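Accompanying notes for the structure given below.
Quick note: the coordinates plus some simple rules give every number you see, no bench work behind them. In this text the structure is predicted, and so the values were computed from the model without any measurement. All Cβ positions, even for glycine, are placed from backbone atoms using ideal geometry, and neighbour counts span all protein chains on display.
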Amino acid sequence: MDKRVDKIEAELQKKADKSEINGIYDKLDGIIGRLGDEETERFAIMAQLQRHERWHRQEAEHTGLTLQPDASAAVARSPLSMVSDGASY
């Protein structure tokens, strides 16, 4: 009788382990989904930034201004931060 009880307990433990593993997989799936959403958002922000930079260049051309990188542009990676007349964006 004790052997049967031990066997049943061992099987229940295996099922509990599988349940925990499935829970971990579910959490990982959620994290991966959020990472995908973050990547999509990042691409949208990059596209918007490029569009704005293009508009700034077009306006500078139209008004005859020369855009110059700011001293902190290397750190911030902002190619359009100052125009030749000293005005900052």
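Annotations for the structure displayed:
- Under-5 Å amide H pairs with Gln68, H placed in peptide plane, nonlocal only: Ser81, Met82, Val83, Ser84
- Here the calculated FRET efficiency for Ser19 and Thr40, from their Cβ-Cβ distance with R0 = 35 Å, stands at 0.65, rounded to the nearest 0.05.
- Over every Cα atom in the stretch 3-76, the radius of gyration and the widest Cα-Cα span, Dmax, amount to 27.8, 91 Å.
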